[in-house]
Amino acid sequence: MQQQHRQPELVEGSLPVFVFPTELVFYADEQTSHKQVLTLYNPYEFALKFKVLCTAPNKYTVVDATGAVKPQCCVDIVIRHRDVRACHYGVYDKFRLQVSEQSQRKALGRKEVTATLRPSASQEPPSPRPQDEERRIREQFADSEFFEQTAFQTESRPVAGGPSLLTVLLGLVCMAALMLPTLGEQESTVPVYLHLSVNKKLVAAYVLGLLTMVILRT
């Protein structure tokens, strides 16, 4: 009897993660640089799910901080700096991308990306030696704690004021229109001029559906 060859189980944290770029640089005087894109590649034969963590999530907004990447595909992760102030110049923050298989929770791999805010592209500091820079960053992040982006984004959203009075009144009018008799109905105690055509009822139903979506979003 032939034995089936099973793929060896991946050890937690052993899977290489391919992300570009490995450093994000934001410039205070360049509005276009406040939005950066990380590209996560999946060269493997199986799908991956990912999660983005950060040491300073209150300073950044990550669009789609969690998601999935199909086999041999890539996905763009948009990161926006939302706290551009002089007190943050030169401070290094860190993002961590964790990946795992779709059906598992354990992180098969992780990759860390540094992020820093600088006053201007024309005022670049002198480049230190690569080994000195790497050692400095490693010491700075030795005891760093990473937090989930989604939790902080939810807390920072403005509190919704609820649907406006006009929206509620318009919704009630549409509901009343749908409850009125249809044009052509004989057995009705409602006056004929209040009988609505099918087209008018379709319009009322359509508007009511749109209003419902607006109310749910608020």
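The values are calculated or read from the model by the stated rules, or taken from the named source; none is laboratory data. For clarity, every value in this text was computed on a predicted model and none was experimentally measured. Don't worry about glycine lacking a Cβ; one is built from the backbone with ideal geometry, like all the others, and counts go over all protein chains shown. SASA here: full protein model, heavy atoms, side chains in, ligands and nucleic acids out. Shrake-Rupley method; radii C 1.70, N 1.55, O 1.52, S 1.80 Å.
Computed values, structure above
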quantity: Spin-label pair residue 29/residue 82, simplified geometry with 7 Å Cα→Cβ offset, distance in nm; calculated: 2.7
quantity: Accessible carbon and sulfur surface of the range 46-108 relative to its total accessible area, %, 1.4 Å; calculated: 47
quantity: In nm, spacing of pseudo-spin labels at residue 58 and residue 168 (7 Å Cα→C-beta vector); calculated: 3.5
